[in-house]
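The values are calculated or read from the model by the stated rules, or taken from the named source; none is laboratory data. Note that the structure is predicted; figures quoted are calculated from it, not measured. No Cβ is skipped: glycine too gets one built from the backbone with ideal geometry, and neighbour counts run over all protein chains shown. The accessibility values were calculated without ligands, DNA or RNA, using every heavy atom of the protein model including side chains. Shrake-Rupley method; radii C 1.70, N 1.55, O 1.52, S 1.80 Å.
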Amino acid sequence: MNIEIIAGSPRKNSVTQRLAIFLKNYLSTHTAHQVQIIDVKDWEIGLLQQVFTSEEHAPEHLKPLAKRMFAADAFILVTPEYNGSYSAALQNLLDHFPKQTHKPFGIVTASTGALGGMRSAQQLLLLVAALFGIASPYLLVTPFVDQKFSAEGELLDPAFQKNIDIFIKEFLWLAESLHPEQVTSYN
């Protein structure tokens, strides 16, 4: 299965990027799925002027991004919480590729505070439904992300591993249930 992790922070040196890197490395090590990161910082999308319904409809400089978005079997959205919601950069990217019908989504939020982006997670549940996607029932809400993950994406807090394992197990159950031809074992 082709899983795209969308790192939703537009900030340089984002602490939520640490979590996206960890998840990519972890899933790549523990499953046979193809896992990549789409980082919103890497794409000059501009504000929404046109919705892309296929790779061919995207402007030339966004065709590689469009190819990845349309080829994805599943997504994991990783976002910080900004003013009680997910990042506008994440919203803007998904607005350009709005219909992800029947694709599974994992929701991952992070903050340097105690709530871990809980309010943004609630907002993302609404967004995934509007994209015609299917949200995994278990969210990975990550408080004190800067203390849980190093800048290189290494887990610093072993006690958080249980949360990660439950999130990944539930996300893969959903994704593999929707794509039974893509089932691999998670170890």
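For this structure, a couple of remarks:
- Within region 52-150, the trypsin sites (Lys or Arg not before Pro) that combine a DSSP coil assignment with at most 13 other C-beta atoms in a 10 angstrom radius are K99.
- Listed pairs K12/K99; K67/K169; K103/K162; K67/K103; K63/K99; K12/K41 exceeding 19 Å between Cα atoms: K12/K99; K67/K169; K103/K162
- Proximity of backbone amide H atoms, modeled 1.01 Å from N, is registered between I5 and Q36, I37, I38, I76 at under 5 Å, excluding neighbours fewer than 5 places apart on the same chain.
- The chain, relative contact order [Cα under 8 Å, separation at least 6], %: 25 percent
- For F97, neighbours were defined as the other residues whose beta-carbon sits under 13 Å from its Cβ, and their charges (Lys and Arg +1, Asp and Glu -1) total +2.
- Local net charge near Q147, Cβ-Cβ under 14 Å (Lys/Arg +1, Asp/Glu -1): -1
- Whole-Hz ³J(HN,Hα) from phi, Karplus 6.51 cos²θ - 1.76 cosθ + 1.60, for region 3-14, glycine and proline x: 10, 10, 8, 9, 7, x, 8, x, 7, 5, 6, 4
- Per residue, the solvent-accessible area of region 51-121 (1.4 Å probe, heavy atoms of protein chains only, all protein chains present) comes to 39 Å².
- Taken one residue at a time, the phi angles of region 101-116 give Karplus couplings (6.51, -1.76, 1.60, θ = phi - 60°) of 4, 6, 8, x, 10, x, 10, 10, 10, 8, 7, 7, x, 6, 8, x Hz. Gly and Pro are set to x.
- Fluctuation leader among Q91, Q36, Q49 - the chain, Gaussian network, Cα springs under 10 angstrom: Q49
- Beta bridge orientation in the chain: antiparallel %, DSSP, nearest 5: 10 percent
- Region 100-150: proportion of alpha-carbon pairs further apart than 14 angstrom, %: 51 percent
- Amide H contacts of A135 (H built 1.01 Å from N, under 5 Å, at least 5 apart or other chain): F105
- Top of E60, E170, E154 by mean-square fluctuation, Gaussian network on the chain, Cα under 10 Å: E60
- In region 1-63, trypsin sites (Lys or Arg not before Pro) in a DSSP loop with at most 13 other beta-carbon atoms within 10 Å: K12
- With kT/(6 pi eta Rh) evaluated at 10 °C and eta = 1.306 mPa s, and Rh the Kirkwood radius from Cα pairs, region 17-95 diffuses with a coefficient of 113 µm²/s according to Stokes-Einstein.
- Entry for region 43-187 at q = 0.12, 0.13, 0.20 Å⁻¹: log10 I(q)/I(0) = -0.55, -0.64, -1.28, Debye formula applied to identical alpha-carbon scatterers, no solvent contribution.
- Of the DSSP H helices in the chain, those that are both long (alpha-carbon extent of 15 Å or more along the helix axis) and hydrophobic (Kyte-Doolittle mean at least 1.0) are 118-130.
- Among V145, V40, V78, the residue with the largest mean-square fluctuation in a Gaussian network model of the chain, with springs joining Cα atoms closer than 10 Å, is V40.
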